[in-house]
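Scroll down for the structure; my scribbles are underneath it.
The values are calculated or read from the model by the stated rules, or taken from the named source; none is laboratory data. For clarity, every value in this text was computed on a predicted model and none was experimentally measured. Quick reminder, even Gly has a Cβ in these numbers, built from the backbone with ideal geometry, and neighbours come from all protein chains shown. Surface areas here come from the heavy atoms of the whole protein model, side chains and all, with no ligands, DNA or RNA. Shrake-Rupley method; radii C 1.70, N 1.55, O 1.52, S 1.80 Å.
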Amino acid sequence: MKRKQVLFEMPYFFWLAFFVIAPILLIAYQSFFNIRGQFTLGNYATYFTSATYLRMTLNSVWYAFLITLFTLLISYPTAYFLHYTKHKQLWLLLIILPTWINLLLKAYAFIGIFSQDGSVNQFLTFIGIGPQQILFTDASFLFVATYIQIPFMILPIFNAIEDLQPSYINASRDLGANNWQTFTRIIFPMTMSGVKAGVQAVFIPSLSLFMLTRLIGGNRVITLGTAIEEHFLVTMNWGMGSTIGVVLIIAMFIIMSLTGEHKKKGRKHND
Amino acid sequence: MKKLVAAITTILVFCGLLAFTSDRLAKSQVKSQSNTLTLYNWGDYIDPALLKKFQKETGYHVSVETFDSNEAMYTKIKQGGTSYDLAVPSDYMIQKMKAAHLLVPLDKSKLHGMNNISPQFRNLEFDRHNQYSVPYFWGTLGIIYNDKTVKASQVQHWKQLWNPRFKDSIMLVDSARDVMGFALIRDGDSVNTKNIKQLNAAKKRLDSLTPNVKAIVADEIKMYMIENEAPIAVDWSGEASEMLSQNSHLHYVVPSEGSNLWFDNLVIPKTAKHYKAIYAFLNFMLKPENAAQNAEYVGYATPNEQAKALLPASVRNDKQFYPDAETMKHLQIYNNLSPELIGTYNELYLEFKMYRN
């Protein structure tokens, strides 16, 4: 029995070792070498003393925060109402469908929609406002990034709401809570796990979006992803690129521990 | 679940069968591996008809693999793996590859037709006496403008890009050395400067250009300019020629005070194996009629003098792509800089990209 179990665990173990742990270790290892291949801590010193990188980090966090916020604001009500609709599975499928399309294709589609001769500007001209500059603005970048991330937020929230026992809601109503109170005191806290999972799934990839910053943002929006791309492809300073990667991985762990479940359990024990 | 597994298995089996048959087809076309020449080239940078002609004449099959940046190509060749027989790096990259011992010197006794190449493109600083490289195409960096909203006289010089009337209307090509380069040229400095003061001054000037910059993008510039998204762009001549062919309102200018002059050259990387095929191909491409055909297809300027003579007069005398001698004198070629200096150029460029006013 035991041996069989080990046998089943092997593929997972190797998968994790080769495709998760090894790459992370390699990135961490690379980050200690300068451009001449000598061992150094200089990359980290550069990162944490350079105004450029720090500002870029702030920029990335700020945009990721905005993207997550907008995604959450749209996704929570969507997931909530989805729960009460008739053909749940069909609607869900329609929400998931866009994720089957390649990100690059979606970005190009938005270029077509937002460009000077695009459908949005044609509409604006039609109603008399005249064409506006939409592409290469913060607004368009946030819009497209939010659009792309929405399914990853809706799904965990939807699942959390589905798992919610209707009896709790009925009980809260019976005990005299109005709709708003039921939502803020019962439904929202009890679906918090879904929100947290969604925030994790959206915030972290948003930190390093780099294709969209160029295609939709026209490089007017600069995130850490842009810098990593440049260090690996142009300056060939893999050490510095890896350093930024390590910082992102650490940021990821911080987000995970802030939004993770285990902390809450710990607090419960203390109570 | 069972259905899903069945569906996925069907797809996998189907793909496997397709891969197998296409592999078989490819193999039956090529009799054996030794008859194949692997060319590592930029995307869409050779006339496919020429490859067929080459195979007919010599029996060698050319398999083309593509890259999209000099640096990506460098990494791939350095790592080995694929046995590329020929590659097409740009000037500064040849210097770098030479220094890293990644190139095989040319055997001049097997090479015929080097004299077809115009003397001004031979024996250049990045490869003295053409020990390693055969010129393939050359081009410039310049300004593309749309005559619907911009007059020719308004964009003859780099300085004019700073004109406040061009607010939010310029697209720049996303390349540190090119953008820093034109800012340096604007004030008469060298594009290869090692002087930090000059670099910082160039970065400051770029910052003040920010209000005019609409976007900093890559290949998409072509699409945007063709669709009149922006009236002005800074890009390479080859990209410009493609835009011009699709939108008659666009024009290309190489500022007379100077710009970048670049070369793409055929070289033999260390990974090469099929030397007979390599020299057959180099000699084939040096032939004027083949070089001319290729230049007509690709749209870049050919360094092959005899080939240029075969091109239609409208192309040959086009000042946009074959600038006059006076302008040519002021063009500058990128040198390979030290990694630290490349770092500085890119750092400043990144800061410029982040600059907001």
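Return the carbon/sulfur percentage of the accessible area of segment A:43-263, one whole number, probe 1.4 Å, all protein chains in place.
Numbers: 7740 of 10950 Å².
Exposed carbon and sulfur together represent 71 percent of the surface.
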Contour minus Cα-Cα span, A:PHE18 to A:MET192, at 0.36 nm per residue, comes to 59.3 nm
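With a 1.4 Å probe and every protein chain left in place, work out the accessible area per residue of the protein assembly as shown in Å², rounded to a whole number. Write out the running numbers ahead of the final one.
Details: 32040 Å² over 628 residues.
Here the per-residue accessible area is 51 Å².
For n ≥ 4 DSSP H runs only, could you compute -39500 (n - 2.57) per run for the protein assembly as shown, divide by its residues and tell me the 222 nm figure to the nearest 500? Present the calculation step by step, with values, prior to reporting the outcome.
On the way: 28 runs with 347 residues, N = 628.
Taken over the protein assembly as shown, the calculation gives -17500 deg cm²/dmol.
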Length gained, B:GLU340-B:LEU310, 0.36 nm per residue minus C-alpha separation, equals 6.3 nm
Length gained if B:ASP318 through B:SER34 is fully extended, taking 0.36 nm per residue and subtracting the Cα-Cα distance, is 98.0 nm
Relative to chain B, whose Cα atoms define the longest principal axis, helix B:70-79 and its Cα axis are tilted in degrees, nearest 10, by 40 degrees
Non-local residues with an amide H under 5 Å from the amide H of B:LEU261, with H modelled 1.01 Å from N and Pro and chain starts lacking one, are B:GLN332, B:ILE333, B:TYR334
In this structure, the FRET efficiency calculated for A:PHE8 and B:TYR355 from their beta-carbon separation, with R0 = 45 Å, to the nearest 0.05, is 0.20
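Within chain A, which is the longest segment that contains none of the trypsin sites (Lys or Arg not before Pro) sitting in a DSSP loop with at most 11 other Cβ atoms within 10 Å?
On the way: sites that count: A:ARG36, A:LYS86.
Counting at most 11 other Cβ atoms within 10 Å as exposed, the longest clean stretch of chain A is A:87-271.
Pairs to check: A:LYS4/A:LYS88; B:LYS78/B:LYS276; B:LYS159/B:LYS222; B:LYS159/B:LYS319; B:LYS194/B:LYS270; B:LYS287/B:LYS319. Give those whose C-alpha atoms are more than 29 Å from each other in this structure. Please list the in-between numbers first.
Details: A:LYS4/A:LYS88 40 Å; B:LYS78/B:LYS276 23 Å; B:LYS159/B:LYS222 23 Å; B:LYS159/B:LYS319 21 Å; B:LYS194/B:LYS270 31 Å; B:LYS287/B:LYS319 24 Å.
The pairs that break the limit, which is 29 Å between Cα atoms, are A:LYS4/A:LYS88; B:LYS194/B:LYS270.
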With a 1.4 angstrom probe the carbon and sulfur portion of accessible area for segment B:138-215, in percent, totals 50 percent
Ordered by number, the residues of segment A:96-118 with at least 10 Å² less accessible area in the assembly than alone (1.4 Å probe) are A:TYR108, A:ILE111, A:SER115, A:GLN116, A:ASP117
With all protein chains in place and a 1.4 Å probe, B:GLU340 shows an accessible area in Å² (nearest 10) of 90 Å²
Dividing the mean separation of Cα pairs under 8 Å (6+ apart) by the residue count of chain A yields a relative contact order in percent of 27 percent
Placing each pseudo-label 7 Å from Cα in the direction of the beta carbon, B:ARG24 and B:ASP68 end up separated by a distance in nanometres of 3.4 nm
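For the B and A pair, go ahead and give the buried accessible area with a 1.4 Å probe, both sides summed, in Å² to 100.
Working: alone 17650 and 17250 Å², together 32040 Å².
That pair of chains buries around 2900 Å² in total.
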Plugging the Cβ-Cβ distance of B:SER190 and B:SER118 into 1/(1 + (r/R0)^6) at R0 = 22 Å yields, to the nearest 0.05, a FRET efficiency of 0.35
Of segment B:157-185, those with amide N under 15 Å from the point 7 Å along the Cα→Cβ vector of B:GLU326 are B:157
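Exposed loop sites here are trypsin sites (Lys or Arg not before Pro) in DSSP loop states with at most 14 other C-beta atoms within 10 Å. What is the longest stretch of chain B lacking them?
Working: sites that count: B:LYS31, B:LYS148, B:LYS151, B:LYS167, B:LYS194, B:LYS273, B:LYS319, B:ARG356.
In chain B, the maximal stretch lacking such sites is B:32-147.
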